[in-house]
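**Q** Got a structure for you, questions after.
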Amino acid sequence: MNLEEKFFYMPDTNDNISFLTEQLFAQQTSSWQLAATNYKGLEKTLVRELNIGGAHIIIQFNPERILSSVAEIDEKSISKRKCFLCPQNLPAEQQGIPIYGDFLILVNPYPVFQKHLTIAKMQHTKQSIAQNIGTMLDLSATLTDYIVFYNGPRCGASAPDHLHFQAGNKGFLPVEKDFAEMKNRLQIAKYKSVEISFAADYLRRMISLQSNSKNDLLEAFAKIYDTLSTLQPHEQEPMLNILCYADNDSWIMHIFPRTKHRPTQCSATDANKFQISPASVEFGGVFITPRDKDFQKLTTEDIIDIFDQITTDKTDFEKIIHEINQIK
Ligand SMILES: [Zn+2]
């Protein structure tokens, strides 16, 4: 396959990527049937909203997400399927905008957001964040109308074998507003220009970084990553989900350390079963339920319990805060 066939447009350095992305979005949702149908369907999506002690949660009924919520991501299943993010396997109608020479901005045909992108590496290489956090910062500085997110290989990525980020339009994930409101009540540490804050009782535990210096953020992230690795020495990377966006002149990054991939409700065979697969979007405050009965049934108590099972535990979080307070 000629890779360039997949390029919607070949930008040069002066082109405005945000503008081109809007063009791509308009083109794909009008001429690619699958995307057109699913984005149209999303407009009619039912939602429920909860406020759990100041933590806002949206529950979205989204039947098209059933595939990703049940995706088998063990090595055997992965090796048996064609990788759906490799350029040669993309649907004929799908095109993207090349960026940084080796990533492709694509419209996600199974949206959760009104505008939902996947930014995939052009080469087949495994999902990992340590070497790619800089790309995540660059993407959020470029796609200023979007929140960029990363799901770890055992934390909700349905293609753990192929490096990718996703991005969704700002103004949808409750964490944006929640964080702005609770920020001045949080415990804060400082590393160079980076403000690091810790949310210990936000249903899930969250470490937030804010700075206008990419270099300082990269250094702070590396130190936090090392701390998390020490707590999970057997994982290929510490279990985490990350959200990142640019706000005025600074970046805001939320890191959600985890202990578990899927809560017990996923494997239950009785009335306690919920078909969900918590990842960055859920940690951002939006629960996706592909089945109507789960959408109707999910309660405040279920959400508290689900977060409780998958977020890093209290003792580890205290260790993390202690370690991060030591970093120089
Ligand atoms: Zn691939």
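What follows draws every value from the coordinates through simple rules; no lab data is involved. Being a predicted model, the structure only gives us computed values, none of them experimental. No Cβ is skipped: glycine too gets one built from the backbone with ideal geometry, and neighbour counts run over all protein chains shown.
**Q** With θ taken as phi - 60° and the coefficients 6.51, -1.76 and 1.60, list the Karplus ³J(HN,Hα) couplings across segment 316-328 in order, rounded to whole Hz; mark glycine and proline as x.
**A** 4, 5, 5, 4, 4, 4, 4, 4, 5, 5, 7, 5, 10
**Q** Still on this structure: Residue farthest toward the positive end of the dipole of the chain, with Cβ of Lys/Arg at +1 and Asp/Glu at -1: which of Ala271, Cys83, Leu20?
**A** It is Ala271, whose Cα lies furthest towards the positive end.
**Q** What FRET efficiency would be calculated for the residue pair Asp226, Cys266, taking the C-beta separation as r and a Förster radius of 22 Å, to the nearest 0.05?
**A** Working: r = 30 Å, r/R0 = 1.38.
After rounding, the FRET efficiency stands at 0.15.
**Q** For Lys314, list the aspartates and glutamates whose Cα falls under 18 Å from its own Cα; do not include residues on the same chain fewer than 8 positions away.
**A** Partners found: Asp201, Asp305, Glu323.
**Q** With n ≥ 4 as the cut-off for DSSP H runs, can you work out [θ] at 222 nm for the chain, using -39500 (n - 2.57) per run divided by the number of residues, rounded to the nearest 500? Write down the numbers at each step before the final one.
**A** Numbers: 12 runs with 111 residues, N = 328.
Calculated at 222 nm, the ellipticity per residue is -9500 deg cm²/dmol.
**Q** Additional query: In whole percent, what relative contact order does segment 120-273 give with Cα contacts below 8 Å and a gap of six or more residues? Before the final figure, lay out the partial values.
**A** On the way: 239 pairs, mean separation 37.8, N = 154.
Relative contact order comes out at 25 percent.
**Q** Only Lys, Arg, Asp and Glu count, each charged at its Cβ (+1, +1, -1, -1), so figure out the dipole size of segment 1-107 about its Cα centre, rounded to 20 debye. Don't skip to the answer; put the middle values down first.
**A** Numbers: 9 positive and 13 negative charges, 104 e Å.
Charge dipole, segment 1-107, about its Cα centre: 500 debye, nearest 20.
**Q** So, one more: In cubic angstrom, how much convex hull volume per residue do the alpha carbon atoms of segment 22-179 span? Please report the intermediate quantities before stating the final value.
**A** Numbers: hull volume 20.7 nm³, N = 158.
Residue-normalised Cα hull volume stands at 131 Å³.
**Q** How big is segment 3-326 in terms of Cα radius of gyration and Dmax, in angstroms?
**A** Looking at segment 3-326, its Cα Rg and Dmax stand at 18.9, 56 Å.
**Q** Same structure again: Give the residue from Ala222, Ser158, Ser208 lying farthest towards the positive end of the charge dipole for the chain; charges sit on Cβ (+1 for Lys and Arg, -1 for Asp and Glu) and the dipole is referred to the Cα centre.
**A** Of the listed residues, the answer is Ser158.
**Q** For segment 268-281, what does the Karplus curve 6.51 cos²θ - 1.76 cosθ + 1.60, with θ = phi - 60°, yield as ³J(HN,Hα) per residue in whole Hz, taken in order and with x for Gly and Pro?
**A** 4, 10, 10, 5, 7, 6, 10, 8, 9, 9, x, 9, 3, 4
**Q** ³J(HN,Hα) across segment 130-143 via Karplus (A = 6.51, B = -1.76, C = 1.60, θ = phi - 60°), whole Hz, x for Gly/Pro?
**A** In residue order, the calculated couplings are 3, 8, 10, 5, x, 4, 5, 5, 4, 4, 6, 6, 7, 8 Hz.
**Q** Right, another one. Quick one: which residues, 5+ away or cross-chain, put their amide H under 5 Å from the amide H of Arg205? H built at 1.01 Å from N.
**A** Excluding prolines and chain starts, which carry no amide H, the hits are Thr312.
**Q** Let me have the relative contact order for the chain, percent, based on Cα pairs under 8 Å that are six or more residues apart. Numbers along the way, then the final one.
**A** Numbers: 572 pairs, mean separation 63.7, N = 328.
Relative contact order for the chain comes out at 19 percent.
**Q** Going down the table (Lys223/Lys319; Lys121/Lys170; Lys115/Lys177; Lys44/Lys293), which pairs top 21 Å between alpha carbons?
**A** On the way: Lys223/Lys319 14 Å; Lys121/Lys170 23 Å; Lys115/Lys177 19 Å; Lys44/Lys293 17 Å.
Those over the limit are Lys121/Lys170.
**Q** Calculate the dipole size of segment 120-233 relative to its Cα centre from +1 charges on Lys and Arg beta carbons and -1 charges on Asp and Glu beta carbons; express the result in debye to the nearest 20.
**A** Numbers: 13 positive and 11 negative charges, 29 e Å.
The dipole of segment 120-233 has a size of about 140 debye.
**Q** Still on this model: DSSP loop (so not H, G, I, E, B), at most 16 other Cβ within 10 Å: list which GluC sites (Glu not before Pro) in segment 1-105 pass both filters.
**A** Details: sites: Glu4, Glu5, Glu22, Glu43, Glu49, Glu64, Glu72, Glu75, Glu93; in loops: Glu72, Glu93.
For GluC sites (Glu not before Pro) across segment 1-105 that sit outside H, G, I, E and B with at most 16 neighbouring Cβ atoms in 10 Å, the list reads Glu72, Glu93.
**Q** Okay, next question. Could you work out the relative contact order of segment 42-138, using alpha carbon pairs under 8 angstrom and six or more residues apart, expressed as a whole percent?
**A** Relative contact order of segment 42-138: 19 percent.
**Q** Would you list Ile324, Ile196 from fewest to most Cβ contacts within 10 Å? It would help to have the intermediate numbers written out before the result.
**A** Working: Ile324 17, Ile196 24.
Arranged by neighbour count, lowest to highest, Ile324, Ile196 become Ile324, Ile196.
**Q** If you don't mind, another one. Under the rule of at least 5 residues apart or a separate chain, name every residue whose amide H is placed under 5 Å from the amide H of Tyr110.
**A** So Tyr110 has HN proximity to no qualifying residue.
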